[in-house]
Amino acid sequence: MIDWMKNFIDNYTGDMYFPAIEVKDVIEILIITVILYEIMLWIKNTKAWMLLRGIIMLGAFILLAWIFQMHTILYLAAQSINVLAIAAIVVFQPELRRALEKLGEKNLFSNINLFDKNKDNERFSDMTADSIVSACYSMGNVCTGALIVVEQAIRLNEYEMTGIELDCKVSSQVLINIFEHNTPLHDGAVIIRGDRITSATCYLPLSDNMSISKDLGTRHRAALGMSEVCDALVIVVSEETGQVSVAMGGGLTRGIKREELREKLSQIQYRNTEPKKRFSIRKGWRRK
């Protein structure tokens, strides 16, 4: 394949000089392309997009200064570049942290126990899934707002610490009572791990996605923000319309039906129990 490409270039370029293309060069180009594509997807709907536009405009201005040999401007730009880089890191620290967290979710070493301890998280039962669905639509019928986070592989300990520890079994009655108006626990999110409610009144990060509809309130922004920083399934019950929505993987599905919510819960329920070959440093390859 590589020889054919070389012959094609030689036949149609004549005496023009091109560097030799090797297999590793093609691999490097593909890797760089994927990285740039992922970076563009990441910054598209965040404040980092504004930063990129500013950098492009600044680069165009410096290019004009170079063309017209404006030495003072070029000197100031050269002296300021380090300061601007540090300032950008400080200003956009949340976005950079979120990007690194996303990179951590794509764990290349997920088959090695040392790097993937979170895979042993508890799965929830069918009864728990049914209780969540029942509670969400019961609250939706009377327009009671709710925010429920169903934990998956990534532990949510830092968000649990922002709320009140409960550690009780999941049931539709308990969830409805938690989110009942004018009760101490109704404000904030509930976090569910396995078949137990670990915490209530938890604070979740709000999404910075600029494409979110202006009709969405704080609960929906919190659900979307949480789904951007972890792999949890976040369920929202709207206090205004009673609609049930689901956020996962940085996307929000609004107004889903009871059967659709049960299906989504089933998908993550059985995803966490798929048997995989995993490598233990002490025992070698084993089935777990």
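The values are calculated or read from the model by the stated rules, or taken from the named source; none is laboratory data. All values derive from a computational prediction rather than experimental measurement. Counting neighbours? That spans all protein chains shown, and the Cβs are built from the backbone with ideal geometry, glycine included.
Looking only at region 138-169, which residues are among the hydrophobic types (A, V, I, L, M, F, W, C), crowded, with 16+ Cβ neighbours inside 10 Å and part of a loop (DSSP other than H, G, I, E, B)? Ala153, Leu156, listed by residue number.
Looking across Ile89, Ile21, Ile43, Ile73, one residue alone is at pLDDT 80 or above and β-branched (Val, Ile, Thr). It is Ile73.
Let's see how each residue does on (1) modelled with pLDDT under 95; (2) out of contact with any helix residue (DSSP H, G or I) (no Cβ under 9 Å at 6 or more places or on another chain); (3) within 16 Å of Arg258 (Cβ to Cβ):
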{"site": "Lys102", "(1), (2), (3)": "yes, no, no"}
{"site": "Asn107", "(1), (2), (3)": "yes, no, no"}
{"site": "Ala135", "(1), (2), (3)": "no, no, yes"}
{"site": "Cys143", "(1), (2), (3)": "yes, yes, no"}
{"site": "Leu147", "(1), (2), (3)": "no, no, no"}
{"site": "Arg155", "(1), (2), (3)": "yes, no, no"}
{"site": "Tyr159", "(1), (2), (3)": "yes, no, no"}
{"site": "Thr162", "(1), (2), (3)": "yes, yes, no"}
{"site": "Glu165", "(1), (2), (3)": "yes, yes, no"}
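When region 200-218 is limited to residues that are surrounded by 21 or more Cβ atoms within 10 Å (Cβ to Cβ) and within 20 Å of Met248 (Cβ to Cβ), the one that is modelled with the lowest pLDDT turns out to be Ser207.
Residues in region 26-41 that are of a type in the set (Val, Ile, Thr) and touching a helix residue (DSSP H, G or I) at 6+ places or on another chain (Cβ under 9 Å): Val26, Ile39. For Asp231, the conditions (1) in contact with an Asp or Glu (Cβ under 7 Å, 6 or more places away or on another chain); (2) surrounded by 20 or more Cβ atoms within 10 Å (Cβ to Cβ); (3) not aromatic (Phe, Trp, Tyr) all hold with the exception of (2).
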